[in-house]
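The values are calculated or read from the model by the stated rules, or taken from the named source; none is laboratory data. Just so it is clear, the model here is predicted, and its values are computed rather than measured. When we count neighbours, we look across all protein chains shown, and the Cβ atoms used for this are built from the backbone with ideal geometry, even at glycine.
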Amino acid sequence: MKNVTSMDELAYRVILEVSKTNKVVGLVWELTWDNSVSNSHHAPQGYKTNWAGKAKHTNGTPVPRGYPGWYGRVWIRYTEEPESFDAGRNLERFRVYPGTGGFGSYNGIWEKICHARFKARKSHPPCYSWDCKIFTYDFPNCTEIAEHEAAHAAALEEYEKQKAWGLLQNHYIAPFHFASLKHRFEWTEPTTAAEDAAFIAAQVEVA
């Protein structure tokens, strides 16, 4: 996993690896990159968490309140209900850290099929969703992150030059702003997607 070079590759690898124990038929995430994603509950491998901001290294220096990475929402769909808390742990094993959430479609792309099956008094598809975090340090070869960090650093350097010039010339320089990098991944196993569409269409005809 550490050698993945893109966020899409990471998503497909997660699907393949998790499916070895719990068959995955859908995965979606919507993420935003940030230079400091909170490490209150999770941290990159080999780094420390910092609940309440009081953690310190052994040398007494404070542990950061966050690390570079992605934050957002993840949805996953299985063919069968995973055992116990495995629904979320399956992701955490591959350094996609789930937070608040749980069972349900959570306004995701499977909302229609979940609603249709509920109305038809059929079993709810095993869908789950959580807030999530993915840290840059866990995937150092991901080119999207490296390219964005380089562009961010270059833009900040240019801004500091403009700011210094503005001070000398007594000109107002607006606060620094750099558009956050976004990433969306969406995949539903084709047979499952076709079955969903057929079921929804059949319910419309009945109505």
When you scan region 149-207, how many residues do you find that are in a loop (DSSP other than H, G, I, E, B) and under 20 Å from residue 70 (Cα atoms)?
5
Looking only at region 108-136, which residues are over 16 Å from residue 31 (Cα atoms), not in a helix (DSSP H, G or I) and not charged (D, E, K, R)?
110, 120, 123, 124, 125, 126, 127, 128
Give me the pairs, please: first residue somewhere in region 1-21 and aliphatic (A, V, I, L, M) and surrounded by 14 or more Cβ atoms within 10 Å (Cβ to Cβ), second residue anywhere and in a loop (DSSP other than H, G, I, E, B) and at pLDDT below 95, beta-carbon distance under 6 Å, and either six or more positions apart or on two chains.
1/94; 4/139; 10/4; 14/94
Quick one: is residue 32 within 25 Å of residue 148 (Cα to Cα), under 18 Å from the mean Cα position of the chain (by Cα) and surrounded by fewer than 17 Cβ atoms within 10 Å (Cβ to Cβ)?
yes
Can you pull out every residue in region 133-178 that is of a type in the set (Val, Ile, Thr) and touching a helix residue (DSSP H, G or I) at 6+ places or on another chain (Cβ under 9 Å)?
134, 136, 145, 173
Tell me which of these residue 152 doesn't satisfy, since it passes every other one: (1) in contact with a strand residue (DSSP E or B) (Cβ under 9 Å, 6 or more places away or on another chain); (2) modelled with pLDDT of 90 or more.
(2)
Quick check: anything in region 104-114 surrounded by fewer than 16 Cβ atoms within 10 Å (Cβ to Cβ) and in contact with a Pro (Cβ under 9 Å, 6 or more places away or on another chain)?
no
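Checking the structure you have, find out if any residue of region 170-186 is basic (Lys, Arg) and under 23 Å from residue 5 (Cβ atoms).
In the first step, residues of region 170-186 are kept if they are basic (Lys, Arg); the result is 182, 184.
After this cut, where a residue has to be under 23 Å from residue 5 (Cβ atoms) as well, the list is 182, 184.
Yes.
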Condition set under 17 Å from residue 37 (Cβ atoms) and of a type in the set (Val, Ile, Thr), scope region 52-101, selection surrounded by the fewest Cβ atoms within 10 Å (Cβ to Cβ): answer is 100
Based on what the data block shows, is residue 143 more than 30 Å from residue 197 (Cβ to Cβ), without any contact (Cβ under 8 Å) to a residue 40 or more places away in the chain and surrounded by fewer than 18 Cβ atoms within 10 Å (Cβ to Cβ)?
no
Scan region 83-110 and report the pairs whose first residue is without any contact (Cβ under 8 Å) to a residue 60 or more places away in the chain and farther than 13 Å from residue 18 by Cα and whose second residue is part of a loop (DSSP other than H, G, I, E, B) and among the aliphatic types (A, V, I, L, M), with Cβ atoms within less than 8 Å and a gap of 6+ or a chain change.
none
